[in-house]
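Down below is the structure, laid out as structure tokens.
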Amino acid sequence: MQAAAAEAVAVTLLLASLGAAVLRPRGLSEAFVAVPAGVLVIVLGIVPAHDALDRLREIGPTVGFLAAILVFGHLCADAGVFDYLGARAAIASQGRAARLLLLVVVLAAAVTAVLTLDATVVLFTPVVLATVLALRIPHRAPLYACARLANSGSLLLPVSNLTNLLAFGATGLSFGRFAALMVAPWLIACTGEWVALRSFFAADAHADSGRTPAAAPSAPRYALTILAMTVALFVITSSVHVSPAWAALAGCVGLLVPRVATRQVRLRRLVGEASPGFCAFVLALAIVVQGVTRHGLGHALAHLLPDTSGLLQLIAVAALAAVLANLVNNLPATLALVPLLAGHPAALLAMLVGVNIGPNATYAGSLATLLWRRILPPEDRPRARDFHRLGVLATPVIVAATTVTLWAALRLVGT
């Protein structure tokens, strides 16, 4: 197949895979279109079979971690971790809308950093919604905070986002070095999101309820202890070049021990919580994106990417990544850009700023944002006009400020 035809077919299959994942017709899995598309790319010779196999081997451990951390997040939810955090936030807010927004931003950022953005979207958002409804205060800002911090709050650790995991190995950085370089940008990004939400929803900030929150449930000490130990294992396994999937798996085993003793483990449910359909979607999408980048897009992006790590160059990388994420979603954008930036840690970190924060500009930028909107009750879903107006106003500023902070961190800490 000629290069132009191969590119056209690969792009069509990519768009079809993304469209099916976004729309989920009849509730079908994200993999329903992506897996056949990946197979077709190989059958047509757009991607040679041996290259596709190498790609699957390369990202297999990353997808394994994704499955394990999804199960871990659900086990934390079952143990009461999120209900406890929501109740403590309600009590600490004293019924004040502005204070609750700040607490939700802090908690959403922490949950995202430790348990990935999926935990914030799927498990923490319903708790926040229940909390604001119980307090009878405006819910728009806290709910928006869950979506925006699920993206922007995922800069801190290699395990916070699938995009980070895909890029982490190519950076050549250790777990601790990655976190040291990203902590200041993460703080700036989270602070920027809080300022944006506080300003955009200024009228809601003074709508206090004065209601007395209900007493918080007892702290799930065992689950919180396992959670802390799992985070420590992330650092330890990375330092000895072991996949963080083993740390996540150990955390799952730790949380399952008391449930096994009381015979409360359902294997079928655990498999479902690992989201095998989404994992298959990621693997298939990697092959489809490889087909796109092999026949045109990769060369075009290579010409656009700068080859130095000065401030303006890092801003250019972050901006390009953000634009690409909003055009084709941040997961394909990451899969396309990582091979082109491999071995350039500064540029890869700037790319992560773009693909993690940039998707806050539009619904289509991140699958997590689309999932967040889908799980909200129809009456509580934000209007598209409001969502995109906030995104267009705030996201470019936060991306720029975060990239400048990253540049400063690189100068101070070094790679």
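Taken as a whole, the structure places ALA319 among residues that are open to solvent by less than 50 Å² (accessible area, probe 1.4 Å) and more than 23 Å from VAL35 (Cα to Cα).
Scanning the range 384-415 for residues that are surrounded by 13 or more Cβ atoms within 10 Å (Cβ to Cβ) and charged (D, E, K, R) turns up just one, ASP386.
Mind listing just one residue for me: the one in the range 257-300 that is of a type in the set (D, E, K, R) and more than 21 Å from ILE69 (Cβ to Cβ) and, of those, most open to solvent (accessible area, probe 1.4 Å)? Step by step, filter the range 257-300, then rank; the result is ARG263.
Taken over the range 157-171, the criterion of being open to solvent by 30 Å² or more (accessible area, probe 1.4 Å) and of a type in the set (A, V, I, L, M, F, W, C) is satisfied by PHE168 alone. Residue-level analysis places SER238 among those that are modelled with pLDDT under 90 and either aliphatic (A, V, I, L, M) or in contact with a Pro (Cβ under 7 Å, 6 or more places away or on another chain) (or both).
Conditions tested, residue by residue: (1) of a type in the set (D, E, K, R); (2) closer than 21 Å to GLU7 by Cβ; (3) outside any helix (DSSP H, G or I).
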position	(1), (2), (3)
TRP246	no, no, no
LEU256	no, no, no
ARG263	yes, no, yes
ARG268	yes, no, no
GLY272	no, no, no
GLY291	no, yes, no
ASP307	yes, no, yes
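One residue alone among ALA184, ALA223, ALA250 is farther than 20 Å from LEU75 by Cα, in a helix (DSSP H, G or I) and either among the basic types (Lys, Arg) or open to solvent by less than 50 Å² (accessible area, probe 1.4 Å) (or both), and that residue is ALA184.
Taking interchain pairs and intrachain pairs at least six residues apart, which have beta carbon atoms under 6 angstrom, with the first residue in the range 167-181 and in contact (Cβ under 8 Å) with a residue 60 or more places away in the chain and the second open to solvent by 40 Å² or more (accessible area, probe 1.4 Å) and in a helix (DSSP H, G or I)? Once the first residue is in contact (Cβ under 8 Å) with a residue 60 or more places away in the chain and sits in the range 167-181, its partners that are open to solvent by 40 Å² or more (accessible area, probe 1.4 Å) and in a helix (DSSP H, G or I) give PHE175/VAL235; ALA180/VAL413; LEU181/VAL413.
Scoring ALA216 on the criteria (1) assigned to a helix (DSSP H, G or I); (2) open to solvent by less than 40 Å² (accessible area, probe 1.4 Å); (3) at pLDDT below 80 leaves a single failure, condition (1).
So which of LEU143, LEU133, LEU129, LEU103 ends up being more than 22 Å from GLY277 (Cα to Cα), open to solvent by 40 Å² or more (accessible area, probe 1.4 Å), at pLDDT 90 or above and part of a helix (DSSP H, G or I)? Give the steps one after another, and end with the answer.
Working: LEU143 fails: open to solvent by 40 Å² or more (accessible area, probe 1.4 Å); LEU133 fails: at pLDDT 90 or above; LEU129 fails: open to solvent by 40 Å² or more (accessible area, probe 1.4 Å).
Matching residue, one of LEU143, LEU133, LEU129, LEU103: LEU103.
Would you pick out the residues in the range 2-25 that are modelled with pLDDT under 85 and surrounded by fewer than 13 Cβ atoms within 10 Å (Cβ to Cβ)? Of everything in the range 2-25, those that are modelled with pLDDT under 85 and surrounded by fewer than 13 Cβ atoms within 10 Å (Cβ to Cβ) turn out to be GLN2, ALA3, ALA4, LEU23, PRO25. Taking every residue in the range 59-70 that is in contact (Cβ under 8 Å) with a residue 24 or more places away in the chain and within 8 Å of CYS279 (Cβ to Cβ) and pairing it with any residue that is part of a helix (DSSP H, G or I) and open to solvent by less than 10 Å² (accessible area, probe 1.4 Å), at least 6 positions away or on another chain, the pairs with Cβ-Cβ distances below 6 Å are VAL63/VAL282.
As a summary of the residue check, ASP118 satisfies the conditions (1) in a helix (DSSP H, G or I); (2) open to solvent by less than 20 Å² (accessible area, probe 1.4 Å) except for the one numbered (2).
Just one of the numbered conditions (1) of a type in the set (Phe, Trp, Tyr); (2) surrounded by fewer than 22 Cβ atoms within 10 Å (Cβ to Cβ); (3) closer than 30 Å to GLY251 by Cα is not true of PHE201: (3).
The values are calculated or read from the model by the stated rules, or taken from the named source; none is laboratory data. For clarity, every value in this text was computed on a predicted model and none was experimentally measured. Cβ: placed from backbone, ideal geometry, glycine included. Neighbour counts: every protein chain shown. Remember, those area values only see protein heavy atoms, side chains included, never the ligands or the DNA or RNA. Shrake-Rupley method; radii C 1.70, N 1.55, O 1.52, S 1.80 Å.
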